[in-house]
1. Report yes if Leu154 is among the aliphatic types (A, V, I, L, M), within 16 Å of the ligand (Cβ to nearest atom), in a helix (DSSP H, G or I) and touching a helix residue (DSSP H, G or I) at 6+ places or on another chain (Cβ under 9 Å), otherwise no.
2. Among Asp138, Asp81, Asp144, which is the only one that is within 13 Å of the ligand (Cβ to nearest atom), over 12 Å from the mean Cα position of the chain (by Cα) and among the acidic types (Asp, Glu)?
3. Just give me the residues in region 4-28 being under 23 Å from Val143 (Cα atoms) and outside any helix (DSSP H, G or I), in sequence order.
4. Every residue in region 64-83 that is more than 27 Å from His7 (Cβ to Cβ) and not in a loop (DSSP other than H, G, I, E, B), please.
5. For region 121-151, how many residues meet the condition of being open to solvent by less than 30 Å² (accessible area, probe 1.4 Å) and not charged (D, E, K, R)?
6. Considering each of Val59, Val23 in turn, give the residue that is over 16 Å from the mean Cα position of the chain (by Cα) and crowded, with 19+ Cβ neighbours inside 10 Å.
7. Quick one: would you say Ser63 is more than 16 Å from the ligand (Cβ to nearest atom) and either within 14 Å of Ile140 (Cβ to Cβ) or of a type in the set (Ser, Thr, Tyr) (or both)?
8. What are the residues in region 83-120 that are free of Cβ contacts under 8 Å to residues at least 24 places away in the same chain, farther than 26 Å from Thr29 by Cα and either surrounded by 18 or more Cβ atoms within 10 Å (Cβ to Cβ) or out of contact with any Phe, Trp or Tyr (no Cβ under 7 Å at 6 or more places or on another chain) (or both), if any?
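The values are calculated or read from the model by the stated rules, or taken from the named source; none is laboratory data. This one's a predicted model, so the numbers in the text were calculated from it and none came from an experiment. All Cβ positions, glycine included, derive from the backbone under ideal geometry; neighbour counts span all protein chains shown. What goes into the accessible areas is simple: the full protein's heavy atoms, side chains included, and nothing from ligands, DNA or RNA. Shrake-Rupley method; radii C 1.70, N 1.55, O 1.52, S 1.80 Å.
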Amino acid sequence: MILPILHYPDSRLRTVAKIVETVDDAVRTLVKDMFETMYQAPGIGLAATQIDHHQRIIVIDISEDKNQPLCLINPEIIEKDGEILWEEGCLSVPDYYQCVKRANQVKVRALNEQGETFELEADELLGICIQHEIDHIDGILFVDHLSKLKQKRLLEKTKKANK
Ligand code: NI
């Protein structure tokens, strides 16, 4: 099922998501819906927060053929290293792209759809995507990393577009 995506500056995007206690069929159904919603958008990452479900779940697929789905439940960055500047966008902030500075390499620990713990090392686009999506479940948007002036301009542009 394709679910509606919340758009900036919707205050629900500021919700800090709750830990998933049990990875059950309800969670797996939500994950399936999140992948469908992300692929249809189309996007390379989606956090549950963006579809107004406030559980710590993110889905990612950075592959060109959209055949490498990655689901991270309760993801935690356990190591980070280096710095990288990358132009980011977000399904919740349509038609807006800006460079953001993030860690170049991250090591993340999460649960998969079977509820098993796994660790993953990622850099460049995948690492950035993981950091961007983990921000979402903490109620943070990539635009929060920009200068106050850029944020003010974006807010004005968004208000104008919504009139
Ligand atoms: Ni996003």
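1. Here the answer is yes, as Leu154 does meet what is asked.
2. Asp144
3. Pro4, Ile5, Leu6, His7, Tyr8, Pro9, Asp10, Thr15, Val16, Ala17, Lys18
4. Result: Glu76, Ile78, Glu79, Lys80, Asp81.
5. Residues in region 121-151 being open to solvent by less than 30 Å² (accessible area, probe 1.4 Å) and not charged (D, E, K, R): 15 in total.
6. Testing whether each residue is over 16 Å from the mean Cα position of the chain (by Cα) and crowded, with 19+ Cβ neighbours inside 10 Å leaves just Val23.
7. yes
8. Passing the criteria: Glu83, Leu85, Asp95, Tyr97, Asn104.
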